[in-house]
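What follows is calculated from the coordinates using simple rules that are stated; it is not laboratory data. Quick caveat, the model's predicted, so the values are computed rather than measured. Glycine gets a Cβ as well: all are built from the backbone with ideal geometry, and neighbour counts include every protein chain shown.
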Protein chains: 2
Amino acid sequence: MHDILIEEKILSENDAIAHENRRAFIERGVFVINMVSAPGAGKTSLIEKMTPLLLEALGAFAVVVGDLEGDLDAVRIAGYGVPVRQITTGRACHLDAHDIAHALQWALGQNARLLIIENVGNMVCPAEYDLGEDMMVTVLSVAEGDDKPLKYPAIFNASGALIINKIDLAAHTDFDIPRARRNALAINPALQIFETSCRTGDGIEEWCAFLASKTLARRPKADTNR
Amino acid sequence: MHDILIEEKILSENDAIAHENRRAFIERGVFVINMVSAPGAGKTSLIEKMTPLLLEALGAFAVVVGDLEGDLDAVRIAGYGVPVRQITTGRACHLDAHDIAHALQWALGQNARLLIIENVGNMVCPAEYDLGEDMMVTVLSVAEGDDKPLKYPAIFNASGALIINKIDLAAHTDFDIPRARRNALAINPALQIFETSCRTGDGIEEWCAFLASKTLARRPKADTNR
């Protein structure tokens, strides 16, 4: 087991940096989401599908992608003309606030109202690392099973929205969407839940409309200290 | 980023305990696998499907299940009359050698030739934590995408076998099984690869035959110090 004191220290340092990130994003009127999921739940495919709708609604947005190795996801997203910053985490199983602090000036320089952070595929560790985002968004693929909220409660608890993805596969699995919703809401009654399929496009519009409205509600602060 | 020195210290302590676990298992003739995967890849369902075949081939086997919270998986497996020990990891995103050391006497007391450790669903951290097993086995669901070996190389590299699971879903996804095999073998050419479906039962027999033969090849050492 990790030494709890060391872990608390790391987390409290992380929180302090996340606080600074958040202050900078709010100051500049940038709305930030932190997308988390198990590996292969479809975060990158969702961003690809969201791109035309978000560009239409917002004009521009930027993406930061975290991966252990390689730049497969970043290359996919950059192919749509969206500014992407790749963070290669090596052995680290999550992005931390320090990673985002390093990407902050780049992100603020994109003149985008929305920053999407695509975290490393991991349903455990990212739950504890505040990046300074406005909202954590968990993506759950129906292929993973409807019991996942009960088994990985921390990440569902830390999230403001849940996207149940790959609903086109639901008929071929034992995944029960109402049960998944009940399990998720039992952990976090405030979750906004969306159902999407990147294959059929179902639900993408509703999710993007929600995200765009959240983004547009964020206004840059006057350039003064409150 | 975690402090690298602290991490190295934790890992070297873990390795020392894993070494002791391994020695005890070898001494007693118990073959041990450490099943790892992303959340929802189907580890528990696989164990359920493997149970009758393994009982027939080996007479008995035991299971240790790691989960952040709850005992859903342990209850499922215990329903088949298989001895199960639950380890609740709380915030820890992986089992470590210390967890297994605590379960060691229990495991050795089951008179089983095979111990299956079902790790926490996580494709990153378990790769670094030797538990004292003979073989790490990665389970990859076709719903996760055939690029996963390239994105999470450490876990494929640490594994002796790869189970490509949920192949019944492959026709409904973009997952290309030959490409997944190529990607996995590019990371680790020694991987033994199996293709399974818990829905149709495809491939379970082949995988169990392999596992049983590995188990039966392990003979208890004479009770002397070498």
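General observations
- Working ranking of peptides B:60-69, A:74-83, A:123-132, A:99-108 by packing, defined as the average number of other Cβ atoms within 10 Å per residue, highest first, is A:123-132, B:60-69, A:99-108, A:74-83.
- Per-residue mean of C-beta atoms belonging to partner chains within 10 Å, peptide A:30-40: 4
- Taking the centroid of alpha carbons for each part, the stretch A:178-217 and the stretch B:45-63 are 39 Å apart.
- Copy-to-copy label separations for B:Pro220, where each label sits 7 Å from Cα toward Cβ, in nm and ascending: 7.5
- For the protein assembly as shown, the convex hull drawn through the C-alpha positions has a volume of 139 cubic angstrom per residue.
- Per-residue mean of C-beta atoms belonging to partner chains within 10 Å, peptide A:146-154: 5
- Relative contact order (%) - criterion: Cα under 8 Å, at least six apart; region: the stretch A:2-218: 26
- Comment: the Cα-to-Cβ extended label point of B:Met135, at 7 Å, lies 4.6 nm from its counterparts in the other copies, nearest first.
- Eigenvalues of the alpha-carbon gyration tensor of the stretch A:2-218, scaled by 5 and square-rooted, set the equivalent ellipsoid semi-axes at 25, 22, 16 angstrom, largest first.
- Close Lys pairs in chain A, defined as Cα atoms under 17 Å apart and 8 or more places apart or on different chains, number 4.
- Here the residues B:Arg182, B:Arg113, ranked from fewest to most Cβ neighbours within 10 Å of their Cβ, fall in the order B:Arg182, B:Arg113.
- Axis proximity, chain A to B: residue whose C-beta lies nearest, plus whole-Å distance: A:Ala143, 2
- Calculated from the alpha-carbon coordinates, the stretch B:2-64 shows an Rg and a Dmax of 16.2, 48 Å respectively.
- Shown for A:Glu20: label points 7 Å from Cα along the beta-carbon vector, and their distances to the equivalent points in the other copies, 4.2 nm in ascending order.
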